[in-house]
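The values are calculated or read from the model by the stated rules, or taken from the named source; none is laboratory data. Everything numeric here is computed off the predicted structure, so don't read it as measured data. So basically every Cβ, Gly included, is an ideal-geometry build from the backbone, and we count neighbours across all protein chains shown. Surface accessibility is based on the protein's heavy atoms, side chains included, excluding ligands, DNA and RNA. Shrake-Rupley method; radii C 1.70, N 1.55, O 1.52, S 1.80 Å.
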Amino acid sequence: MKKGKVYLIGAGPGDLGLITVRGLDLIKSCDIIIYDYLANPRLLDFVKPGAEIIYVGKKGGDHTLPQDKINELLVRKAAEGKNIARLKGGDPYVFGRGGEEAEELIEAGLAFEVVPGVTSGVAGPAYAGIPVTHRSATSSLAFITGHEDPDKEESSLQWDKIATGVGTLVFYMGVKNLPMITANLIRHGRSPQTPVALVRWGTTPQQQTWVGTLETISAIAEREKVAPPTLIVVGEVVNFREKLNWFENRPLFGRRIIVTRARAQASDFSQKLEELGASVHEFPTIETKDPESWAPFDAAMARCGTYDWLIFTSVNGVGYLLKRLKETGRDIRDLAGPRICAIGKKTAEAAEAVGMRVTLVPEEFRAEGILEVIGDVKGKKVLIPRALEAREILPEELTKRGALVDVVPAYRTMRPAGKKEEMLKLIREGGLDMVTFTSSSTVTNFTAMFEPSELPDVIKNLTAASIGPITTETALKAGFTVSAMPKVYTIDALIGSIVEFYERQKS
Ligand code: SAH
């Protein structure tokens, strides 16, 4: 039997984007993914369907699976002919025991490859505003394990050489031994005034940084209860943080925001919030599915040429229309005839992206807006493919003005089985700051996820951001405090209003 290959892959320091192209390609193609505590679990979203995912832990020493068992697992699975992505935080060969795993594989006659990663000891400081080398401050750099047992008689570290012989010192796994480390450095000749930074969960939205000196940092760490995973950075380079702290200075850094949109639409919104520094918790409250029956939709499509207007009220409407056209052997050429109207810029963009020419995009991003701009519709035939359960105002008003309106369900919205318990726990612990509502139905669906007895806690602990007046009204009625709402009802403007809210709060 053909034997599998093991890829020892550096997953990077935490920020999803800091994995290599090679590493991500392998995650996408391997049969088995074996990952550690420090590898960003969101990398698992990229595995191929059917891939086996195994967590082997390693949280501050209490190994979910001991190293020899991990080695055994790698050998066994590879011998079965499976290709394995062995994902390790940072770089696999920097305090990652990657070398040991590689040795085991060689011994077992198995092929392996190393995909280096961005090590946390460089990236964590960088995201904390600290360049590990700088011409004006240091010309050498050491990565050091801080894991040594403090009671060990003979240290394997040559403290006298480390203390004064190297410019920047980066200690991994050292936060518990911080008093021992700083004492050793001072005793062996490093100035007590040498700046020191502690970087916890570097490159992630949870990143925290503390700065002191060799003399003061231990007390700071104790007071602040600094726990792993934390890097200790010693050296003059720490001073650059004052100038170069780009990551923590982003406008939404440290803000923990719930995104309630439907799964498919959430990522763009979430990504934009994350780019501004927010820690985003996606809590999909609606999920879209095919309508119970496609018959009305198919019938409407068959006579598409007879309509004067085709109105899309959402990106989903466009998406499901295309999906169904494809399923029934049609394509957008079958939409010849009606002019196309799209409510909201995003909807128009979605239609235009697939080659439809959109004649009308109402400036007002609500269904009401369309009535102001569509002109005379008397006797005109209008087709609206949309969610089964949507507000009736648009078809009703068009009908009142003499239009012949066909509303055909193109999809249904449903409540997904969510991760409610986990979210509720976080909310109660004060671990989340804001909930975002992008439509009235997101408010209704969000509140419906909780028991009536749980709701007061949810409402008390979260402030809300709402996309527009109707959504705000629904949120206020539900009891939320709405602290951010944009003037135009787009996601970008909503994000702008969230940034403004937090800026106001700061000042
Ligand atoms: N191979 C990893 C290091 C594993 S040792 C790498 O190259 O980064 C584990 C130690 O790495 C932790 O105790 C901590 O000191 C450090 N570490 C890893 N990821 C970190 C992060 N995101 N923020 C701060 N320290 C981190």
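All conditions in (1) within 22 Å of T203 (Cα to Cα); (2) of a type outside the set (S, T, Y); (3) within 23 Å of the chain's Cα centre (by Cα) hold for E52, with the sole exception of (1). All of (1) open to solvent by 50 Å² or more (accessible area, probe 1.4 Å); (2) at pLDDT 95 or above hold for D268 with one exception: (2). Does the stretch 335-356 contain any residue that is more than 29 Å from the chain's Cα centre (by Cα), in a helix (DSSP H, G or I) and over 23 Å from Y489 (Cα atoms)? Yes, the conditions are met somewhere in the stretch 335-356.
Only one of the listed residues (A111, A85) is farther than 27 Å from W159 by Cβ, within 16 Å of the ligand (Cβ to nearest atom) and not assigned by TED's automatic domain parsing to the domain that holds G165. That residue is A85. When the test is whether a residue is touching a Phe, Trp or Tyr at 6+ places or on another chain (Cβ under 7 Å) and either surrounded by 15 or more Cβ atoms within 10 Å (Cβ to Cβ) or under 21 Å from K346 (Cβ atoms) (or both), G468 passes it. Out of curiosity, is E327 charged (D, E, K, R), assigned by TED's automatic domain parsing to the domain that holds G369 and open to solvent by 50 Å² or more (accessible area, probe 1.4 Å)? So E327 passes the test.
Of all residues in the stretch 24-43, those being assigned to a helix (DSSP H, G or I), within 16 Å of the ligand (Cβ to nearest atom) and either free of Cβ contacts under 8 Å to residues at least 12 places away in the same chain or touching a Pro at 6+ places or on another chain (Cβ under 9 Å) (or both) number 1. Of the conditions (1) among the small types (G, A, S); (2) under 30 Å from L252 (Cβ atoms); (3) away from the ligand (no atom under 16 Å from the Cβ), A197 clears all except one; give me its number. Only one criterion in (1) among the small types (G, A, S); (2) under 30 Å from L252 (Cβ atoms); (3) away from the ligand (no atom under 16 Å from the Cβ) is unmet by A197, namely (3).
Restricting attention to the stretch 225-242, report how many residues are within 16 Å of T168 (Cβ to Cβ) and either more than 9 Å from the ligand (Cβ to nearest atom) or open to solvent by 30 Å² or more (accessible area, probe 1.4 Å) (or both).
Number satisfying all stated conditions: 9.
Determine if the stretch 204-224 includes at least one residue that is of a type in the set (S, T, Y), in a loop (DSSP other than H, G, I, E, B) and within 16 Å of the ligand (Cβ to nearest atom). Yes, the stretch 204-224 has at least one match.
In the stretch 121-166, the residue that is farthest from the ligand (Cβ to nearest atom) out of those that are in a loop (DSSP other than H, G, I, E, B), open to solvent by 20 Å² or more (accessible area, probe 1.4 Å) and in contact with an Asp or Glu (Cβ under 9 Å, 6 or more places away or on another chain) is S136.
Looking at the stretch 91-103, is at least one residue of a type outside the set (D, E, K, R), within 8 Å of the ligand (Cβ to nearest atom), out of contact with any helix residue (DSSP H, G or I) (no Cβ under 8 Å at 6 or more places or on another chain) and not in a loop (DSSP other than H, G, I, E, B)?
yes
So for the stretch 471-481 (the condition being closer than 24 Å to P251 by Cα, crowded, with 16+ Cβ neighbours inside 10 Å and not assigned by TED's automatic domain parsing to the domain that holds P338), does at least one residue qualify? Checked against the condition, which is being closer than 24 Å to P251 by Cα, crowded, with 16+ Cβ neighbours inside 10 Å and not assigned by TED's automatic domain parsing to the domain that holds P338, the stretch 471-481 yields at least one hit. If the condition is being open to solvent by 20 Å² or more (accessible area, probe 1.4 Å) and not in a strand (DSSP E or B), then the stretch 104-116 contributes E104, I106, E107, A108, G109, P116.
Selection of the stretch 290-311 for residues being open to solvent by less than 40 Å² (accessible area, probe 1.4 Å), within 13 Å of A410 (Cα to Cα) and assigned to a helix (DSSP H, G or I) yields F297, D298, A300, M301. Between P205, P195, the distinction of being open to solvent by less than 20 Å² (accessible area, probe 1.4 Å), in contact (Cβ under 8 Å) with a residue 12 or more places away in the chain and farther than 13 Å from V226 by Cβ belongs to P195 only.
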